[in-house]
Amino acid sequence: MNVKTLGQFIIEKQNDFPFAKGELSRLLRDIGIAAKIVNREVNKAGLAEILGETGETNVQGEKVKKLDVFANDQFIAALKAGGECCAIASEENEEIIPIDSDISRNAKYVVAMDPLDGSSNIDVNVSVGTIFSIYRRTTLNGAGQLEDFLQRGTEQVAAGYVIYGSSAMLVYTTGKGVNGFTLDPSIGEFCLSHPNMRIPQSGNVYSINEGNYLHFPDGVKKYIKYCQEEDKATNRPYSSRYIGSGVADIHRNLIVGGVYIYPTTTKSPKGKLRLLYECNPLAFIVEQAGGKATDGYKRIMEKDIKELHQRTPLFLGSSDMVDKAMEFMAKYAEVGA
Ligand code: AHM
Ligand code: MG
């Protein structure tokens, strides 16, 4: 069997960047290693005492599960040990984590991450994920600083997610397409299983938390009704699929085609998801796979970022479906969004 591991693939792809010295490759490798360790723990979450809440709340004011803390610690440790990253921003930490060790101080890259997205699903054995985004630092040297993270999504050097599902998969892009790797537990390696992933231009799945319907902008309400209408030519009604674990919902839509929407609600007037370490990396991946990602009006990756934990609405997926949803947003914008 002709298997290509993530490590082999990364080294091969390093040649795409003629002046690359291997730093980004090593950073991706470090992330892959942390992902395997987190996967091991997620897999036995139902068995181990690790299951449950720590009782602390994270910076977003949500209850933190023990596995969130574990995943956060693992990724931070791997990135610190690797020496290619001079600062980390995490959903779990209010402030950035500057890295000031001898090997990392002058490293070129910063990493923003959501170490365990969808963590409210852990206790019910539903897939969770890790999302990461890599930027080149803008400060010159020393440990990384906040301003290194306040860059538009278009400046991302690489981004990816790991899904801890029925199989564990790592999907990433460096701006030259999207490739997916499935963990083969028998050899403990991520192996290339989904080369050059492309999202279908259209699909028949829409993913949104309809429980919030009453609080959605009118454009979203009308788009949902559009998805539910009968129309043979466009294959409607579409199917509603919402796991509530963003990486799993978006991974499915990436493969079969579909649109994922987390709009503003009256409860979360800026949206729920975070621009830096959730929306931008997912947008980079989906765009690289041929899809689109906007906030309903504007491209996600061109949004200015002022705060580490800034939120944004998200419309992401098959390009025709995102376009259609945006059409409804524009049409009904004036009527009380
Ligand atoms: P989290 O980072 O606190 O886990 O929140 C992000 C998650 C996404 O994975 C998911 O798509 C969404 O929040 C679900 O939110 P809701 O329960 O409001 O539908
Ligand atoms: Mg999260």
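Quick look at the values:
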{"item": "Amide H contacts of LYS272 (H built 1.01 Å from N, under 5 Å, at least 5 apart or other chain)", "result": "THR312"}
{"item": "Cα gyration tensor of the range 205-334 - equivalent ellipsoid semi-axes, whole Å, descending", "result": "21, 17, 13"}
{"item": "Ranked GLU210, GLU41, criterion: other C-beta atoms within 10 Å, fewest first", "result": "GLU210, GLU41"}
{"item": "Amide proton proximity set for VAL178, modelled H, under 5 Å, gap of 5+", "result": "ASN196, MET197"}
{"item": "Between helix 218-228 and the chain: long-axis angle, C-alpha atoms, 0 to 90°, nearest 10", "result": "80 degrees"}
{"item": "Trypsin sites (Lys or Arg not before Pro) within the range 80-183: DSSP coil, no more than 14 neighbouring Cβ in 10 Å", "result": "LYS176"}
{"item": "Reachable lysines from LYS225, criterion Cα separation under 29 angstrom, eight or more residues apart if same chain", "result": "LYS267, LYS270, LYS272, LYS292, LYS298, LYS303, LYS324, LYS331"}
{"item": "Sparse-neighbourhood loop sites, GluC sites (Glu not before Pro) in the range 240-337 - DSSP loop, at most 11 other Cβ within 10 angstrom", "result": "GLU334"}
{"item": "Highest to lowest packing among 316-323, 251-258, 263-270, scored as the average C-beta count within 10 Å", "result": "316-323, 251-258, 263-270"}
{"item": "Anchor LYS222: aspartates and glutamates whose Cα lies under 19 Å away (excluding residues fewer than 8 positions away in-chain)", "result": "GLU210, GLU230, ASP231, ASP295, ASP320, ASP323, GLU327, GLU334"}
{"item": "Estimated vicinal HN-Hα couplings, Hz - the range 153-167 in sequence order (Karplus 6.51, -1.76, 1.60; Gly, Pro = x)", "result": "x, 5, 8, 4, 8, 7, 7, x, 9, 10, 10, 9, x, 4, 10"}
{"item": "Only Lys, Arg (+1) and Asp, Glu (-1) charged, at Cβ; the range 205-334 dipole about Cα centre in debye", "result": "240 debye"}
{"item": "Three principal axis lengths of the range 6-194 [C-alpha, angstrom, descending]", "result": "46, 36, 29"}
{"item": "Per-residue HN-Hα couplings for the range 244-252 [Karplus 6.51, -1.76, 1.60; θ = phi - 60°; Hz; x = Gly/Pro]", "result": "x, 10, x, 4, 5, 4, 6, 4, 4"}
{"item": "Dimensionless Rg over Rh [the chain; C-alpha; Kirkwood]", "result": "0.96"}
{"item": "Listed peptides 195-203, 162-170 by packing density, highest first (mean Cβ within 10 Å)", "result": "162-170, 195-203"}
{"item": "Qualifying chymotrypsin sites (Phe, Trp or Tyr not before Pro) in the range 202-268, DSSP loop, other Cβ atoms within 10 Å at most 13", "result": "none"}
{"item": "Fewest-first sequence of VAL110, VAL205, VAL157, VAL3 by Cβ atoms within 10 Å of each Cβ", "result": "VAL3, VAL157, VAL205, VAL110"}
{"item": "Cβ-based exposure ranking for CYS191, CYS85, CYS279, CYS227, in which fewest neighbours within 10 Å come first", "result": "CYS191, CYS227, CYS85, CYS279"}
{"item": "5 angstrom amide H check on TYR109, placed H, neighbours 5+ away", "result": "CYS86, ARG137"}
{"item": "Partner lysines for LYS108 [C-alpha distance under 21 Å; skip if fewer than 8 residues away on the same chain]", "result": "LYS13, LYS21, LYS80, LYS176"}
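All of the numbers you see were taken from the coordinates with simple rules; none came from a lab. Keep in mind it's a predicted model, so treat the numbers as computed, not measured. No Cβ is skipped: glycine too gets one built from the backbone with ideal geometry, and neighbour counts run over all protein chains shown.
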